[in-house]
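Shown next, in structure tokens, is the structure this report addresses.
The values are calculated or read from the model by the stated rules, or taken from the named source; none is laboratory data. From a predicted model like this one, the values you see are computed outputs, not experimental measurements. Here the Cβ positions follow ideal geometry from the backbone for every residue, glycine too, while neighbour counts run over all protein chains shown.
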Amino acid sequence: MLPSTNTADIKAYLERYGYPHLYIHHGGVAGQSILRYLKGKCFTVYVPALRYGYGIERLIDRIGNFRASCYLVDSEEYLDSRSMMYIPVVNTEKIRPRDGGKKYDFIYLAVNHGNKRHDIILNAVRGKNITGHFHPVDASKLDLRNTQITTSAWNRADVLQLLASSKIAVYAGDYTSNPAAMWECVAAGLPIVVNRNIKGGKHLVVPGVTGELASEDNFYEVMQHVLQNRSRYRPREYFMENWDTVRMLEKYLAFFKDMGWQY
């Protein structure tokens, strides 16, 4: 997997070091030129994790799936004979429940931009007696008045410690998908409250088990419900039973071989 969206850099790297046996593109339309470039050179997998809303942009997103050898999708509407539901692979040895005092009622792991909808959380908890933490976020970019929310920037806090210090996790994004951070929270044993309008990833929210879906209007009420009943949830156990790291990798490799990967 190559994270850069700089096409020239990626092509120069590949031409110097050779083509991979397997290339996985995780993101949106930005890297689809690389998928076209690698056609016939290696086996390619597309994970359309970036959402663009409706109309022509959504059509482009879907058409882009067919530029790869196969693809992993985050919503049932995209499933067909050449796709498999996407479950993020998490290092469950490193990311796991840890003992320690709970400093925060909730944690939100998401960069601050529009689709992540930090405003939903701020509006939900403003004036309420509930503590939380945003990471990685610049506090000066948000109106934190009358809230008990703290923030930390990139490389300014240990994410594993933040997870261990939180009771639950939240994810308020709408025109976005299911970043691995959501499921890292689940793997760490935190039930998660997720915006029911999220464009990808709702299949991983199992009500009463891994967390709950909430609307913008009742986000606070659902958060309170999960906080009050969090001992009844079993996110880590469900994760290990269904999304174990080795098991998921084996499923992916078997799917890729069914789709024609000959490595």
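Brief remarks on what is shown
- Check on T176, surrounded by 20 or more Cβ atoms within 10 Å (Cβ to Cβ), closer than 30 Å to V45 by Cα and modelled with pLDDT of 95 or more: no
- Those residues of the stretch 74-90 which are touching a Leu at 6+ places or on another chain (Cβ under 9 Å) and of a type outside the set (D, E), in sequence order: S83, M84, M85, Y86, I87, P88, V89
- Test: residue in the stretch 146-164 that is crowded, with 22+ Cβ neighbours inside 10 Å and either within 16 Å of P235 (Cα to Cα) or in contact with an Asp or Glu (Cβ under 6 Å, 6 or more places away or on another chain) (or both): yes
- Search result, residues across the stretch 214-231 that are surrounded by fewer than 19 Cβ atoms within 10 Å (Cβ to Cβ), in a helix (DSSP H, G or I) and out of contact with any helix residue (DSSP H, G or I) (no Cβ under 6 Å at 6 or more places or on another chain): E221, Q224, H225, L227, Q228, R230, S231
- Scanning the stretch 232-263 for residues that are more than 18 Å from the chain's Cα centre (by Cα), of a type outside the set (A, V, I, L, M), outside any helix (DSSP H, G or I) and surrounded by 15 or more Cβ atoms within 10 Å (Cβ to Cβ) yields Y233, R234, W261.
- Residues in the stretch 1-29 that are within 17 Å of L72 (Cα to Cα) and at pLDDT below 85: M1, L2, P3, H25, H26, G27, G28, V29.
- Listed by position, the strands (runs of 3 or more DSSP E) inside the stretch 99-196 whose residues that are in contact with a strand residue (DSSP E or B) (Cβ under 9 Å, 6 or more places away or on another chain) and closer than 30 Å to E77 by Cβ number at least 1 are 104-109, 166-171, 192-195.
- I63 meets each of the listed conditions (1) of a type in the set (A, V, I, L, M, F, W, C); (2) modelled with pLDDT under 85; (3) assigned to a strand (DSSP E or B) apart from (3).
- Residues that are outside any loop (DSSP other than H, G, I, E, B) and in contact (Cβ under 8 Å) with a residue 60 or more places away in the chain, drawn from the stretch 197-207: K202, H203, L204
- So V90, is it surrounded by 14 or more Cβ atoms within 10 Å (Cβ to Cβ), of a type outside the set (D, E, K, R), in a loop (DSSP other than H, G, I, E, B) and at pLDDT 65 or above: yes
- So G211, is it in contact with a helix residue (DSSP H, G or I) (Cβ under 9 Å, 6 or more places away or on another chain), assigned by TED's automatic domain parsing to the domain that holds G127 and buried (at least 23 other Cβ atoms within 10 Å of the Cβ): yes
Per-residue answers, yes or no, for (1) exposed (fewer than 12 other Cβ atoms within 10 Å of the Cβ); (2) assigned by TED's automatic domain parsing to the domain that holds A180:
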position: A68; (1), (2): no, no
position: Y71; (1), (2): no, no
position: Y78; (1), (2): no, no
position: S81; (1), (2): yes, no
position: P97; (1), (2): no, no
position: Y108; (1), (2): no, yes
position: V111; (1), (2): no, yes
position: G114; (1), (2): yes, yes
